[in-house]
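Participant: One structure coming up, written as structure tokens, with questions to follow.
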Amino acid sequence: MEWDELEAECSACRKCALGATRTNNVFGTGSRGAKLMFIGEAPGETEDQTGQPFVGRAGKLLDKYFEAVGIDRDEVFIANILKCRPPQNRDPLPEEEDMCIEWLRRQVKLIDPPLIVCLGRIAAQRLIKPDFKITGEHGVWFERGRVSMCAVYHPSYLLRGNIAAKEAMLGDMKEIKRRLDAEYAKAQGGSY
């Protein structure tokens, strides 16, 4: 399936009740050939209004981390497990994740990134392992076939002011950038 066809099908999705309450489907944004993919749990209010992931307060903070470590937002792909906003930004229900996860799987298959970073505990528990503990396992890499995956704190959690978590996030993002640079170097035969 081609990308535009997948996006059109996803935009028309009404598998769960969230399809009827959304303003916009939030399919994802960024490079379709990205070596690095960031995956959150679900769109928030600003994302629902704009149809773009991570553009609200949490997204602005994520952008600051990208800038701090030298990651170009346009060269990565950012998506969520859910493509529609849950009411009052509540956590996604397992059945909503089950109905929506296939869209994400198809995106990952088309992009084929060597690196995937989960933004927050909920995405990590769905994509890395069900008992993932974000405070103890953020920044830890897991190998899934030829894909390396890790999770970092969700930017919305960092907005609550936890200084230690903000510092840990910066360290994790530096390692993500190092791995991304290594992927670019590998693709260019060792010179980047």
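Participant: Would you mind telling me which numbered condition in (1) modelled with pLDDT under 95; (2) under 29 Å from residue 57 (Cβ atoms); (3) touching a strand residue (DSSP E or B) at 6+ places or on another chain (Cβ under 9 Å) residue 144 fails?
Facilitator: Residue 144 satisfies every listed condition except (2).
Quick grid of which residues meet (1) part of a loop (DSSP other than H, G, I, E, B); (2) among the hydrophobic types (A, V, I, L, M, F, W, C); (3) over 25 Å from residue 55 (Cβ atoms); (4) at pLDDT 95 or above:
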{"position": "149", "(1), (2), (3), (4)": "no, yes, no, yes"}
{"position": "161", "(1), (2), (3), (4)": "yes, no, no, no"}
{"position": "166", "(1), (2), (3), (4)": "no, no, no, yes"}
{"position": "178", "(1), (2), (3), (4)": "no, no, yes, yes"}
{"position": "184", "(1), (2), (3), (4)": "no, no, yes, no"}
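Participant: Is it fair to say residue 38 is touching a helix residue (DSSP H, G or I) at 6+ places or on another chain (Cβ under 9 Å) and within 18 Å of residue 176 (Cα to Cα)?
Facilitator: Numbers: touching a helix residue (DSSP H, G or I) at 6+ places or on another chain (Cβ under 9 Å): yes; within 18 Å of residue 176 (Cα to Cα): yes.
It is true that residue 38 is touching a helix residue (DSSP H, G or I) at 6+ places or on another chain (Cβ under 9 Å) and within 18 Å of residue 176 (Cα to Cα).
Participant: Filter the range 16-70 for residues that are charged (D, E, K, R) and surrounded by 15 or more Cβ atoms within 10 Å (Cβ to Cβ); which is nearest to residue 99 (Cα to Cα)? Reasoning before the result, please.
Facilitator: In the first step, residues of the range 16-70 are kept if they are charged (D, E, K, R); the result is 22, 32, 35, 41, 45, 47-48, 57, 60, 63-64, 67.
Filter again for surrounded by 15 or more Cβ atoms within 10 Å (Cβ to Cβ), leaving 22, 35, 41, 47-48, 63.
Details: 22: 16, 35: 26, 41: 13, 47: 20, 48: 18, 63: 29 Å.
In this case the residue turns out to be 41.
Participant: So in the range 72-90, with the set limited to residues that are in contact with a strand residue (DSSP E or B) (Cβ under 8 Å, 6 or more places away or on another chain) and surrounded by fewer than 20 Cβ atoms within 10 Å (Cβ to Cβ), which one is farthest from residue 45 (Cα to Cα)? Even if it seems obvious, please write down each step before you answer.
Facilitator: Initial filter on the range 72-90 (in contact with a strand residue (DSSP E or B) (Cβ under 8 Å, 6 or more places away or on another chain)): 73-81.
Pick out the ones that are also surrounded by fewer than 20 Cβ atoms within 10 Å (Cβ to Cβ) and you get 73-75.
Working: 73: 21, 74: 22, 75: 25 Å.
Filtering the range 72-90 for residues that are in contact with a strand residue (DSSP E or B) (Cβ under 8 Å, 6 or more places away or on another chain) and surrounded by fewer than 20 Cβ atoms within 10 Å (Cβ to Cβ), the one farthest from residue 45 (Cα to Cα) comes out as 75.
Participant: Ok, one more. For the subset of the range 7-23 comprising residues that are in a helix (DSSP H, G or I) and out of contact with any Asp or Glu (no Cβ under 7 Å at 6 or more places or on another chain), which member is farthest from residue 50 (Cα to Cα)?
Facilitator: By that ranking, first place goes to 9.
Participant: Right, here's the next one. Quick check, is residue 93 buried (at least 17 other Cβ atoms within 10 Å of the Cβ) and either of a type in the set (A, V, I, L, M, F, W, C) or on the phi > 0 side of the Ramachandran plot (or both)?
Facilitator: On the way: buried (at least 17 other Cβ atoms within 10 Å of the Cβ): no; either of a type in the set (A, V, I, L, M, F, W, C) or on the phi > 0 side of the Ramachandran plot (or both): yes.
Taking the combined requirement at face value, the residue does not satisfy it.
Participant: Taking the range 134-156, which residues are surrounded by fewer than 18 Cβ atoms within 10 Å (Cβ to Cβ) and either in contact (Cβ under 8 Å) with a residue 60 or more places away in the chain or of a type in the set (Phe, Trp, Tyr) (or both)?
Facilitator: 141, 142, listed by residue number.
Participant: Would you point out which residue out of 63, 112 is acidic (Asp, Glu) and under 21 Å from residue 157 (Cα atoms)? Show your work before the answer.
Facilitator: Numbers: 112 fails: under 21 Å from residue 157 (Cα atoms).
63 is the lone residue from the list that is acidic (Asp, Glu) and under 21 Å from residue 157 (Cα atoms).
The values are calculated or read from the model by the stated rules, or taken from the named source; none is laboratory data. Model, not experiment: these values are computed from the prediction. So basically every Cβ, Gly included, is an ideal-geometry build from the backbone, and we count neighbours across all protein chains shown.
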